[in-house]
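Accompanying notes for the structure given below.
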Amino acid sequence: MNNEDPRAALMLDWLSNDLSLAVDRFEPASSDASFRRYFRIYTKGTTYIVMDAPPDKENIEAFIKVAKLLSVPGVNVPTIFQSNLAHGFLLLEDFGTTCYLDSLKPSNADHLYQRALDSLFQQQTHIALDNLEIPYYDRPLLMRELGIFEEWFAMRYLNTPIPEPLRTGVNELLITSALEQPLTFAHRDYHSRNLMDLGNGKPGIIDFQDAVIGPITYDLVSLLKDCYISWPKAQIDHWRNGYFQRLLQHGIIDCSQAQFKRWFDLMGLQRHLKAIGIFARLHLRDGKSAYLNDIPRTMDYVTKNCTLYPELSEFAGFLNQQVLPALRRTV
């Protein structure tokens, strides 16, 4: 095993010798779009999850810090039982194998999404921003994320660079919209693959280590315009408008419904452009080509959003005339 997977051997040594756990067996639980891996550990009729986060590539302390922030009423994150910061391991509560993406169907979507929206509301109203030691979703970070679309998708994957004046104009529009929104705690990947269906109402929330202080609509659009599953426009509008009324009634925002929708749409455009770039990067750099299957759904969000606002008409033309034909040629 040492030759095949030295980190798995190191993990088992920690569990067995340092924690005195009798490991009956273990198996991969999941992997994600980073260098983290997760293993399910079976020991004396109990299961745990071990996060494997190589210290030279991942920040395990950020996960611990954000888990503490999320310890608020109505929010369900896995208990951290033990940690090994030196080697990059965490022993976590096992939330099972069923994520929202596995469970969602038209007949239960409203129930599951309302529970996810309840949890999001608790995060946005109970986590005080004062002295919160996590990064801000500031201009440099927003710019870097938009650059992922340009570099990895437009240039490297499609060989179709965006004209500089167009790219600059779109980026400025999206960044300005993001920065004018009220700030809140933002999970940053609040979607169907990171919400576990525990069968008891509240979703189990995972993969929150990249949380930031960011725009009020970011997690909402991540949830409702998910890169991995899509819903009819009328259903998305219903969920968004209901959440807007909830924020308004509690004094979290003070804006019109039209303004909130614009923030939501443009935040979604920023996020979806970034996601498309990440999917291309995962394919080109990391050999994780399955994510290419999620590009058409995500690009559909992008093209539809661009038809809603006149200032995006030139970008819509570029996408329809150059990007989409180039994308079709890759299939």
Here are the criteria: (1) in a helix (DSSP H, G or I); (2) surrounded by 20 or more Cβ atoms within 10 Å (Cβ to Cβ); (3) among the aliphatic types (A, V, I, L, M). Tell me which single one residue 141 does not satisfy. (2)
Working only within segment 169-204, note down all residues that are touching a helix residue (DSSP H, G or I) at 6+ places or on another chain (Cβ under 7 Å) and either outside the structural domain of residue 109 (by TED's automatic domain parsing) or not in a loop (DSSP other than H, G, I, E, B) (or both). 170, 171, 173, 174, 175, 177, 178, 179, 184, 185, 186, 195
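Select from segment 44-66 the residues that are of a type in the set (Val, Ile, Thr) and in contact with an Asp or Glu (Cβ under 6 Å, 6 or more places away or on another chain) and write down the one among them that is nearest to residue 28 (Cα to Cα).
If we filter segment 44-66 for residues that are of a type in the set (Val, Ile, Thr), which is where we start, we get 46-47, 49-50, 60, 64, 66.
Filter again for in contact with an Asp or Glu (Cβ under 6 Å, 6 or more places away or on another chain), leaving 47, 49.
Values: 47: 13, 49: 9 Å.
Per the criteria, the residue is 49.
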Do we find a residue being under 28 Å from residue 293 (Cα atoms), surrounded by fewer than 17 Cβ atoms within 10 Å (Cβ to Cβ) and of a type outside the set (Lys, Arg) anywhere in segment 251-259? no
Six or more apart or on different chains, Cβ atoms under 6 Å: show the pairs whose first residue is in segment 299-317 and surrounded by 15 or more Cβ atoms within 10 Å (Cβ to Cβ) and whose second is of a type in the set (Val, Ile, Thr) and assigned to a helix (DSSP H, G or I). 315/170
Among 237, 219, 226, which is in contact with a helix residue (DSSP H, G or I) (Cβ under 7 Å, 6 or more places away or on another chain) and modelled with pLDDT of 95 or more? 219
Given (1) part of a helix (DSSP H, G or I); (2) closer than 21 Å to residue 258 by Cα, identify the lone condition not met by residue 308. (1)
Just to check your reading of the model, which residue among 247, 266 is closer than 17 Å to residue 145 by Cβ, among the aliphatic types (A, V, I, L, M), assigned to a helix (DSSP H, G or I) and in contact (Cβ under 8 Å) with a residue 12 or more places away in the chain? 266
Determine whether segment 275-289 contains at least one residue that is assigned to a helix (DSSP H, G or I) and more than 25 Å from the chain's Cα centre (by Cα). no
Condition (residue is in contact (Cβ under 8 Å) with a residue 12 or more places away in the chain, over 18 Å from residue 271 (Cβ atoms) and not aromatic (Phe, Trp, Tyr)) applied to segment 218-232: is it met by at least one residue? no
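The values are calculated or read from the model by the stated rules, or taken from the named source; none is laboratory data. Note that the structure is predicted; figures quoted are calculated from it, not measured. Because the Cβ atoms are built from the backbone with ideal geometry, glycine has one as well, and the counts that use them run over all protein chains shown.
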